[in-house]
Structure formats: structure tokens, C-alpha cells
Amino acid sequence: MTRVQLADTNLMVHPLQLGGNPFGWGADRDESFAVLDAYAEAGGNFIDTADAYSVWVEGNTGGESETIIGEWMASRGNRDEMVIATKVGMHPKHKGLDPVNIREALDASLRRLGTDRIDLYYAHADDEKVDQVAVAETFDALVRSGKVSYLGASNFSLGRLKSAMKVSEKYSLAHYRVVQDKFNLVSRGAVDAEKQEYLRSRGIAELPYHSLASGFLTGKHTGGDATGSVRADRVSEMLDDQQALRALEVLHDIASSHDASMTATAIAWQLSHDFIPATIASARVPDQLTELLAGTELTLTDDEVRALNDSWTEA
């Protein structure tokens, strides 16, 4: 059973972190349970969600994903086997990182998840309107209380991540062990070379989202039709981008040489980075997990990694 250590924590996790974004809209309760069951049966133990998932869907209010995951864990009796990550700051009723808001949002997440602690708790986005000392003190208190095990920062600029870490060090407070950014073969700007070097120097793990570029990197839409994708608009834009299509060709050729899918190869490329112990990808049906999990077992050669690295230059 594959397990990797998450940064300098005591968490041992599967290198495929299952994204809970579709639960409650792309996949209903029963479909979500089927995906979660298949993931756990394959040895998966690392689930990502947020209190805001899926507030963007008409009729939803946010927290649907957490509720489904909580009900699934309760029905399977496997909470202690799972590593749960969720986030605060983007729910419409709990916007931002005001200390009171963080505490209230955490309690709401705990109720929905049916648990007494969150293994990895993220600031879902930076909030420059709130003093970073106040944010750090609030998160530190949650760690000390036992409600949160470790902290993460999602969508932080390098400058703000550095200043947050300095605050934690200065006041001896719990610090961010993990970050989460958009990073894939055709979108690398959020995790540029400077940020990569900083993460390495501090032992901070990157757990990227949009691993498959909204489905573009699966190669299933190269005929020019993104119909059927819940993120069809994003895929259509990339189908008109010649540089993205060239990167896709390199991905296709390397995948073919391994008799692997493009999906698996895209995941393997992400995991080839020494600062990425695990990557986030979601599935709406169990069958979609097969290629995602295969990516965690695929090892690319140094030349293949270099070819993929060179296949895209961020504008």
C-alpha cells in the first residue's frame, strides 16, 4: 500500500488525494459514496474538501461535500483511517480570515464532517484585510485545542506565504506545513521556480489542484469537442491554444511509450517533483479513479520529465 509522509507532519498519506469538489453536484450522495468506497478499497486515505463546496450550484448553500464525506465515514466507520483536509475563507457565510469567522467556520465543518478534529486545515485564500498575527494566533489556538492537527495555505502568493511563516516563527506559533495551488503541465505560474525553491528550503509540501487542467490533459477533448465536461469552457479555451496543444502532444507521446493513459502520465509528471508528495484529483464515477491511481505507480525517466518540463513556458 503506497504511503508518503506529508512534509514534516506525522501524516502518512496516499499520493493521490481525492478531491471532494464534485460531491453534492457533479456526483450525488450515492455516486459520491461509490467513488469514496472505490478510493478506499484501492488504498486511498487522503480526502480534500472545503466548506464552500459546492455553493456555486443553484440550490446549494455550501458544505454539501463535507456533509457527504462525513456521512460516508460514519456509515463505514473509518474516520480514523482517513486523513481529512478542509478549508476556511470562501464560504459565503464565513468569508475571509477574521478570527471569529475562522472559529465559527471550523465548528461548522466539524459538525458536517461528523468528527472532532481536522487533520489538515487550510486558509482557502489569503485575506490581506486581517492582520497576519491575528490569523496565526487563531490557527495556533485551534491546533493547541486539538481541533486541528496541521495547517495549510491555499492560493497564497510567495510574498504573503513568507510573511506568514515569519510571523509564526517570531511568535512561536503553529505554521503552515502544506500549500495548495493551481499547478499542472499547462499552468505553472502559481508555483514558479522561486516558489519551488522556497518550498524546498522550508520543507513545505505542495498539493496542487487542477491536476488535469479541467480535463484537458486527459486528451479526450482533442477533437475540439468539450461536450460532457462540467468545465467545458476552460477546456475549449485550451483547445485554441497552440502551446497547450504542443504540450499535449509531448504528453501523448510519453504516455504511449509507457502504454499508459495521458491522465496517468500527467499525474506521474506532477509527482516527479520533489516538493509534491501528493496531488489532488477528483472523480465523479469510480471508473475515473483507475487512471488517476495508475499515475501514482508510473515512474517517468529523467529525460521524459525534462521533455514535459520543456513542453510549456508560462506566458
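The values are calculated or read from the model by the stated rules, or taken from the named source; none is laboratory data. All values reported here derive from a predicted model rather than from experimental measurement. Positions of Cβ are backbone-derived with ideal geometry, glycine not excepted, and every protein chain shown enters the neighbour counts. Accessible surface areas use protein heavy atoms only, side chains included; no ligands, DNA or RNA. Shrake-Rupley method; radii C 1.70, N 1.55, O 1.52, S 1.80 Å.
Descriptive notes on the structure:
- Residue check, residue 41 within 29 Å of residue 297 (Cα to Cα) and touching a helix residue (DSSP H, G or I) at 6+ places or on another chain (Cβ under 6 Å): no
- For segment 292-315, the tally of residues that are touching a residue at least 40 places away in the same chain (Cβ under 8 Å) and in a helix (DSSP H, G or I) stands at 6.
- When segment 174-219 is filtered for residues that are farther than 19 Å from residue 149 by Cα and part of a strand (DSSP E or B), the ones remaining, listed by number, are 182, 184, 187, 209.
- Scanning segment 271-281 for residues that are surrounded by 24 or more Cβ atoms within 10 Å (Cβ to Cβ) and either of a type outside the set (A, V, I, L, M) or modelled with pLDDT under 95 (or both) returns a single hit, 279.
- Segment 1-39 - residue that is touching a residue at least 40 places away in the same chain (Cβ under 8 Å) and of a type in the set (Asp, Glu) and, of those, least open to solvent (accessible area, probe 1.4 Å): 37
- The requirement of being touching a Gly at 6+ places or on another chain (Cβ under 9 Å) and at pLDDT 95 or above is satisfied by residue 251.
- Selected residue (criterion: nearest to residue 268 (Cα to Cα)) from residues of segment 157-192 that are more than 20 Å from the chain's Cα centre (by Cα) and without any contact (Cβ under 8 Å) to a residue 24 or more places away in the chain: 159
- Evaluated against (1) modelled with pLDDT under 95; (2) in contact with a Gly (Cβ under 6 Å, 6 or more places away or on another chain), residue 93 falls short on exactly one condition, (2).
- When residues of segment 249-264 are limited to those that are free of Cβ contacts under 8 Å to residues at least 40 places away in the same chain and open to solvent by less than 30 Å² (accessible area, probe 1.4 Å), the one nearest to residue 310 (Cα to Cα): 255
- Matching residues in segment 265-291 - criterion: being in a loop (DSSP other than H, G, I, E, B), more than 18 Å from residue 22 (Cβ to Cβ) and not hydrophobic (A, V, I, L, M, F, W, C): 272, 273, 274, 277
- Out of 76, 111, 103, 117, sole residue that is basic (Lys, Arg) and open to solvent by less than 70 Å² (accessible area, probe 1.4 Å): 117
- From 95, 129, residue being free of Cβ contacts under 8 Å to residues at least 60 places away in the same chain, basic (Lys, Arg) and crowded, with 16+ Cβ neighbours inside 10 Å: 95
- Unmet criterion (only one of (1) over 17 Å from residue 48 (Cβ atoms); (2) open to solvent by 50 Å² or more (accessible area, probe 1.4 Å)) for residue 209: (1)
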